[in-house]
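Here's the structure, in structure tokens; my notes come after.
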Number of protein chains: 2
Amino acid sequence: MQSSRPPAEIGMPLHEVDTPALLVDLDAFERNLQRLAQHAAHAGVALRPHAKTHKSPAIALQQIASGAVGVCCQKVSEAAAMVDGGVGDVLISNEIVGRQKIARLAALAHRARIAVCVDDRENVAALSEAAQAEKVTLDVLVEIDVGANRCGVSPGEPALELARHITGAAGLRFRGLQAYHGSAQHLRSGEQRRAAIDGAVLRARQTRDLLHHHGIQCRVISGAGTGTYPLEAASGVYNELQAGSYLFMDASYARNRSDDGSPFAEFQHSLFVYTTVMSRAAEQRAVVDAGMKALSVDSGLPTVWGIEAAEYVGASDEHGTLNLATAARSIRLGDQLRLVPGHCDPTVNLHDWYVGIRGDRVETLWPITARGPGF
Amino acid sequence: MQSSRPPAEIGMPLHEVDTPALLVDLDAFERNLQRLAQHAAHAGVALRPHAKTHKSPAIALQQIASGAVGVCCQKVSEAAAMVDGGVGDVLISNEIVGRQKIARLAALAHRARIAVCVDDRENVAALSEAAQAEKVTLDVLVEIDVGANRCGVSPGEPALELARHITGAAGLRFRGLQAYHGSAQHLRSGEQRRAAIDGAVLRARQTRDLLHHHGIQCRVISGAGTGTYPLEAASGVYNELQAGSYLFMDASYARNRSDDGSPFAEFQHSLFVYTTVMSRAAEQRAVVDAGMKALSVDSGLPTVWGIEAAEYVGASDEHGTLNLATAARSIRLGDQLRLVPGHCDPTVNLHDWYVGIRGDRVETLWPITARGPGF
């Protein structure tokens, strides 16, 4: 398709990259990659980064080479793209419902170790049937709702009941608990995040202990995101971290604060939308060629990297409008700028390629093969 | 790429379509298509629908077969996809800035009639140079800012000055004025939209008359969108309509009201995101498999088609959370629902295929070849 032409060539200077393009600053990216890997290793917990952020096996393989045990995905289509790209261990940290999806999921287990989450008995039966039909074994985690109020059964007895059901189902192997607290990730103060994760840890521990008491081993308690992973890593309960955004960061995560109120700065911005000034018809305004079809505005507008006097104030479909204070009025038609997207995951989903840059030179191009609505 | 597999096969019953999928109800779509074509014909103005909405030459060719003179695009990549798909006349209703983009634009003019907008003298020089290098002629419109405060020079003298510049530039042919009032489209009352378009018509008329007075013919005055097109069509000034969303409608346009306060109902919803209930772990809650990677929430959350007691209350990346009032609690795991997206254009941009249905059967699949950030 038309959109699959990359916006750059390897070796090109940055200023020749066509816009809008999704840039990865490789130095910052590699520092982020190593930093979380080291944190997990130091804490003695497994790292299974979430591939829903980057949607690219080229990146997943680097995470695994740095010590990750595998990746998470949210969709069967994402998992298939990862397995096609050489990833050998995928946890779908989500429920998979529907005959076709479950059949594709089971078929993947011929080529990789596949695990999936459940919160419903009928779904367990459907997974068991598909696994038997394919003559494979699927690992299954019970998802418990630890405060996000989205998917997952209640902690305690409902989780025990579902786990028992799994242990009795042919073709399935109970692996443990999925206990991700999504809505805690962007709580802005360290105190708020600690309170939320304390609650999640309590629910996960009680559920684990209840299952152990009934002779059901939870080998894995998986969860955590970029906003809270130090808490889960230190909890003594979680033994697998699922952070994803740490690789890239975004303007929303940059608004999180540490316990002492300082910016939450473990990771650096490595992901940018590269854009061109395409209209300069009014003195105080520049219009750039990156709007909602090049970046997601669900978690706020992007910021203009390195130019405080330029504020991105409005996104329309194909345009971004910048207000220029006096200090930024030297911006000219044709100038190229970097934007820090408000939210990395859905921004990545709009693009087909990463343009990896080292300094001002294009070093690599990674295709975003798991992009799409996700069947 | 993985994502290019379609979510359905032709002939399939609707309930077998994989989710999330972008459905087009062909009966409603065809009524919308004919309705605007008839309005334009009756008003004696040309129709040049905006392909930024649908991004699919398969649809553009149907618009042209129904009387449209060609289509609009916002990006060179969109125009290339249209020309590749057999469209012979494209207006890029936007400024194109940057050496590579302009070179590709000029090359397209070997294969189709191509027009583009400008709001800057340097940009005119760059277009002229590229047109001469390719030995083609590009039609050029001066974009004037008629109230949207985005791109475009001020009406009157600045437009005259730029038009003079174009008439003197080799390889370029001045065609007229681009005078689209984007921010008027979603003003909710008929009175507000009328006031905004009255202002736009005044500015376009005065600019046209000024150019005519100086011997420069404006053959085309182009603009209008789904929210305001009857006003431009009746203005006696605009002679080309650029509406796009009329084909599909969306939840945001559905909130527009007519002069008498009744719903703005010329067009029917024909675009839906088809989704599966993937979690039903709490009585008052259903989670569906369509979140921000399957629909755009920039103009509000989607509505659930035909089920008033189910309200889509939260979108995360891959999930949508529905609150279920008592009357909707019979919704079960695995049920498939239709969502009306808040905003059609950026929602379409997330998908690779339209699944065209007639009643409950898949009749056609149209690829969305102009999808993407848009170089």
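The values are calculated or read from the model by the stated rules, or taken from the named source; none is laboratory data. What you are looking at is a predicted structure, and each value in this text was computed from that prediction instead of being measured. Neighbour counts are summed over all protein chains in view; Cβ atoms, including those assigned to glycine, are modelled from backbone coordinates with ideal geometry.
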Item to check | Residues that are at the interface with chain A (Cβ under 10 Å from one of its Cβ atoms), surrounded by fewer than 24 Cβ atoms within 10 Å (Cβ to Cβ) and not in a loop (DSSP other than H, G, I, E, B), drawn from region B:124-154 | outcome: B:Ala126
Item to check | Close pairs (8 angstrom Cβ cut-off, 6 or more residues apart or separate chains): more than 13 Å from A:Asp84 (Cα to Cα) and more than 12 Å from chain B (Cβ to nearest Cβ) in region A:101-122, part of a strand (DSSP E or B) and basic (Lys, Arg) anywhere | outcome: A:Ala115/A:Arg175
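Looking only at region B:155-163, decide whether some residue is on the phi < 0 side of the Ramachandran plot and either more than 14 Å from every other protein chain (Cβ to nearest Cβ) or in contact (Cβ under 8 Å) with a residue 60 or more places away in the chain (or both).
The first filter runs over region B:155-163 and keeps only residues on the phi < 0 side of the Ramachandran plot, leaving B:155, B:157-163.
In the following step, the residues that additionally are either more than 14 Å from every other protein chain (Cβ to nearest Cβ) or in contact (Cβ under 8 Å) with a residue 60 or more places away in the chain (or both) were identified as B:160, B:163.
Checked against the condition, which is being on the phi < 0 side of the Ramachandran plot and either more than 14 Å from every other protein chain (Cβ to nearest Cβ) or in contact (Cβ under 8 Å) with a residue 60 or more places away in the chain (or both), region B:155-163 yields at least one hit.
When only residues in region A:243-262 that are within 12 Å of the chain's Cα centre (by Cα) and farther than 13 Å from A:Pro341 by Cα count, which is surrounded by the fewest Cβ atoms within 10 Å (Cβ to Cβ)?
Narrowing region A:243-262 to residues within 12 Å of the chain's Cα centre (by Cα): A:243-250.
Okay, now just the ones that are also farther than 13 Å from A:Pro341 by Cα, so A:243-244, A:246-247.
Numbers: A:Ala243: 26, A:Gly244: 22, A:Tyr246: 25, A:Leu247: 26.
This residue is A:Gly244.
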Checklist entry - If you go through region B:271-302 one residue at a time, how many are facing chain A (nearest Cβ under 9 Å) and in a strand (DSSP E or B)? => result 10
Item to check | Selection from region A:155-185 of residues that are surrounded by fewer than 18 Cβ atoms within 10 Å (Cβ to Cβ) and either hydroxyl-bearing (Ser, Thr, Tyr) or over 19 Å from A:Cys72 (Cα atoms) (or both) | outcome: A:Gly156, A:Glu157, A:Pro158, A:Glu161, A:Arg164, A:Thr167, A:Gly168, A:Ala170, A:Ser183
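Please pick out the residue among A:Gly359, A:Gly342, A:Gly374 that is within 23 Å of A:Thr226 (Cβ to Cβ) and more than 10 Å from every other protein chain (Cβ to nearest Cβ). Can you show your working first?
Working: A:Gly359 fails: within 23 Å of A:Thr226 (Cβ to Cβ); A:Gly374 fails: more than 10 Å from every other protein chain (Cβ to nearest Cβ).
Only one candidate qualifies: A:Gly342.
Name every residue in region B:80-92 that is more than 10 Å from chain A (Cβ to nearest Cβ), of a type in the set (Gly, Ala, Ser) and in contact with a strand residue (DSSP E or B) (Cβ under 9 Å, 6 or more places away or on another chain), in order of residue number. Explain how you work it out, then say what you get.
Start the filter on region B:80-92 by keeping residues that are more than 10 Å from chain A (Cβ to nearest Cβ), which leaves B:83, B:86-92.
When the remaining residues are screened for being of a type in the set (Gly, Ala, Ser), the result is B:86, B:88.
Scanning region B:80-92 gives a single hit, B:Gly88.
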Checklist outcome for this item: Among (1) closer than 15 Å to A:Asp139 by Cα; (2) away from chain B (no Cβ under 14 Å), A:Ala46 falls short only on (1)
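Counting just the residues of region B:295-324 that are touching an Asp or Glu at 6+ places or on another chain (Cβ under 6 Å) and buried (at least 16 other Cβ atoms within 10 Å of the Cβ), which one comes out nearest to A:Ser183 (Cα to Cα)? Reasoning before the result, please.
Kept after step one, since they are touching an Asp or Glu at 6+ places or on another chain (Cβ under 6 Å), are these residues of region B:295-324: B:297, B:317, B:323.
From what's left, buried (at least 16 other Cβ atoms within 10 Å of the Cβ): B:297, B:317.
Working: B:Val297: 18, B:Asp317: 12 Å.
Going through the qualifying residues, I end up with B:Asp317.
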Next on the checklist: Here's a check for you: in region A:27-43, which residue that is surrounded by fewer than 17 Cβ atoms within 10 Å (Cβ to Cβ) and not charged (D, E, K, R) is farthest from the chain's Cα centre (by Cα)?
Outcome noted: A:His42
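So, in region B:58-79, of the ones that are in contact with a strand residue (DSSP E or B) (Cβ under 9 Å, 6 or more places away or on another chain) and assigned to a helix (DSSP H, G or I), which residue ends up surrounded by the most Cβ atoms within 10 Å (Cβ to Cβ)? Spell out how you get there, then give the answer.
Filtering region B:58-79 for residues in contact with a strand residue (DSSP E or B) (Cβ under 9 Å, 6 or more places away or on another chain) gives B:58-60, B:63-64, B:66-76, B:78-79.
Now narrow it down to the ones that are assigned to a helix (DSSP H, G or I): B:58-60, B:63-64, B:76, B:78-79.
Numbers: B:Ala58: 17, B:Ile59: 24, B:Ala60: 25, B:Gln63: 24, B:Ile64: 20, B:Val76: 27, B:Glu78: 30, B:Ala79: 27.
Filtering region B:58-79 for residues that are in contact with a strand residue (DSSP E or B) (Cβ under 9 Å, 6 or more places away or on another chain) and assigned to a helix (DSSP H, G or I), the one surrounded by the most Cβ atoms within 10 Å (Cβ to Cβ) comes out as B:Glu78.
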Next on the checklist: Taking the condition of being surrounded by 22 or more Cβ atoms within 10 Å (Cβ to Cβ), out of contact with any helix residue (DSSP H, G or I) (no Cβ under 6 Å at 6 or more places or on another chain) and either among the charged types (D, E, K, R) or farther than 24 Å from B:Pro7 by Cα (or both), how many residues in region B:263-280 meet it?
Outcome noted: 1
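Out of the residues in region B:325-339 that are aliphatic (A, V, I, L, M) and surrounded by fewer than 21 Cβ atoms within 10 Å (Cβ to Cβ), which is farthest from the other protein chains (Cβ to nearest Cβ)? Can you show your working first?
The first filter runs over region B:325-339 and keeps only residues aliphatic (A, V, I, L, M), leaving B:325, B:327-328, B:331, B:333, B:337, B:339.
Cutting the leftovers down to surrounded by fewer than 21 Cβ atoms within 10 Å (Cβ to Cβ) gives us B:325, B:327-328, B:331.
Values: B:Ala325: 17, B:Ala327: 22, B:Ala328: 18, B:Ile331: 13 Å.
Ranking the candidates gives B:Ala327 first.
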Next on the checklist: For region B:233-263, give me the residue count where each residue is part of a helix (DSSP H, G or I), modelled with pLDDT of 95 or more, closer than 15 Å to B:His186 by Cα and not aromatic (Phe, Trp, Tyr).
Outcome noted: 1
Checklist entry - Would you pick out the residues in region A:249-278 that are closer than 30 Å to B:Cys151 by Cβ and not polar (S, T, N, Q)? => result A:Asp250, A:Ala251, A:Ala254, A:His269, A:Leu271, A:Phe272, A:Val273, A:Tyr274, A:Val277, A:Met278
Checklist outcome for this item: With criteria (1) at positive phi; (2) crowded, with 23+ Cβ neighbours inside 10 Å, B:Gly215 comes up short on (2)
Checklist entry - On the given criteria, is B:Val97 touching a strand residue (DSSP E or B) at 6+ places or on another chain (Cβ under 6 Å), within 14 Å of chain A (Cβ to nearest Cβ) and over 13 Å from B:Gly171 (Cβ atoms)? => result yes
Checklist entry - Can we say B:Arg175 is closer than 30 Å to A:Leu322 by Cα and assigned to a loop (DSSP other than H, G, I, E, B)? => result no
Checklist entry - How many residues are in contact with a helix residue (DSSP H, G or I) (Cβ under 9 Å, 6 or more places away or on another chain) and either within 11 Å of another protein chain (Cβ to nearest Cβ) or within 28 Å of A:Cys73 (Cβ to Cβ) (or both) if we restrict to region B:303-317? => result 4
Checklist entry - Just wondering, is there one or more residues in region B:185-194 that are of a type outside the set (Val, Ile, Thr), touching a residue at least 12 places away in the same chain (Cβ under 8 Å) and within 14 Å of chain A (Cβ to nearest Cβ)? => result yes
Checklist entry - Counting only residues that are within 28 Å of A:Val83 (Cα to Cα) and either more than 12 Å from chain A (Cβ to nearest Cβ) or among the β-branched types (Val, Ile, Thr) (or both), how many does region B:11-43 have? => result 2
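Table: residues versus (1) among the charged types (D, E, K, R); (2) without any contact (Cβ under 8 Å) to a residue 40 or more places away in the chain.
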{"position": "B:Leu211", "(1), (2)": "no, no"}
{"position": "B:Thr226", "(1), (2)": "no, no"}
{"position": "B:Ser235", "(1), (2)": "no, yes"}
{"position": "B:Phe248", "(1), (2)": "no, no"}
{"position": "B:Ala251", "(1), (2)": "no, no"}
{"position": "B:Asn256", "(1), (2)": "no, no"}
{"position": "B:Ser262", "(1), (2)": "no, yes"}
{"position": "B:Glu266", "(1), (2)": "yes, no"}
{"position": "B:Tyr274", "(1), (2)": "no, no"}
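Quick check: is even one residue across region B:38-53 modelled with pLDDT of 95 or more and more than 25 Å from B:Glu232 (Cα to Cα)?
The first filter runs over region B:38-53 and keeps only residues modelled with pLDDT of 95 or more, leaving B:38-53.
Subset that is more than 25 Å from B:Glu232 (Cα to Cα): none.
Looking for residues that are modelled with pLDDT of 95 or more and more than 25 Å from B:Glu232 (Cα to Cα), one finds none in region B:38-53, hence no.
When you look at B:Gly244, is it closer than 21 Å to B:Ile92 by Cα, touching a residue at least 60 places away in the same chain (Cβ under 8 Å) and not aliphatic (A, V, I, L, M), yes or no?
Values: closer than 21 Å to B:Ile92 by Cα: yes; touching a residue at least 60 places away in the same chain (Cβ under 8 Å): yes; not aliphatic (A, V, I, L, M): yes.
Against the criterion (closer than 21 Å to B:Ile92 by Cα, touching a residue at least 60 places away in the same chain (Cβ under 8 Å) and not aliphatic (A, V, I, L, M)), B:Gly244 qualifies.
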Next on the checklist: The conditions are (1) assigned by TED's automatic domain parsing to the domain that holds B:His110; (2) closer than 24 Å to B:Val69 by Cα, and B:Ala184 fails exactly one of them. Which is it?
Outcome noted: (2)
